[in-house]
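The values are calculated or read from the model by the stated rules, or taken from the named source; none is laboratory data. Not measured: the values here are computed from a predicted model. With ideal geometry, Cβ positions are generated from the backbone for all residues, glycine too; neighbour counts draw on all protein chains shown.
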Amino acid sequence: MGLGPSSASTIELNTAFTAEERDRYQNTKVIQALLSSAKTIAVVGISSESTKASNMVASYLRDEGYRVIPINPRASEILGEPCFPNLAAVSEKVDIVNVFRPSSELAEIFQQAEQIGAKAVWSQLRLFDTEAADRALTAGLEVVMDKCIKMEHGRYCGALHWAGMNTEIITARRR
């Protein structure tokens, strides 16, 4: 049995969240506002290996004009930037904390993000902790979970649709 036309193009198939949770943790208005207002993104769990997703995402974000701060306790430099062992070691303002660590570590990372005054925490695909996210939301942080920041940037700010990807956005506007 094939997928019907309405389900073939729905992004909802790519998440385990309910409709209410998608609105809370994957809100498109929040995502668009974060991507358009952020200047500095700390990438927690970035790999020094250029073939790893975390490194490719950080490299993409840097190429798109964001200031990227690498967070990895086992590296001194990644992407030509000094690497920090944790968020507490970062002295500059961070807009988004993008996380490439297991879901079991999200609560601690979200708490660190709050402590440094970050505006938002964003966990990558298949990474989520709803209890930690709710605490972060209560503390005043924006939260995005189970979404790739690179893919969302491509969907709303870049040219993902030019590569043949269905972004579910119809526009005649050129970048």
Boolean, I109 is assigned to a loop (DSSP other than H, G, I, E, B) and in contact with a helix residue (DSSP H, G or I) (Cβ under 8 Å, 6 or more places away or on another chain):
no
Scan the range 112-128 residue by residue and report those that are in a helix (DSSP H, G or I) and either charged (D, E, K, R) or touching a Ser or Thr at 6+ places or on another chain (Cβ under 9 Å) (or both).
E114
Every listed condition ((1) out of contact with any strand residue (DSSP E or B) (no Cβ under 6 Å at 6 or more places or on another chain); (2) at pLDDT 95 or above) holds for I46 save (1)
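Looking at S104, S7 in this structure, which one is farther than 19 Å from Y156 by Cβ, at pLDDT below 95, in a helix (DSSP H, G or I) and not aliphatic (A, V, I, L, M)? Talk me through it step by step, then tell me what you get.
Values: S104 fails: at pLDDT below 95.
Within the list S104, S7, the selection yields S7.
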Taking only pairs six or more apart or across chains, which ones have beta-carbon atoms under 6 Å, a first residue in the range 73-96 that is within 17 Å of A113 (Cβ to Cβ), and a second residue that is among the basic types (K, R)?
D95/K39; D95/K119
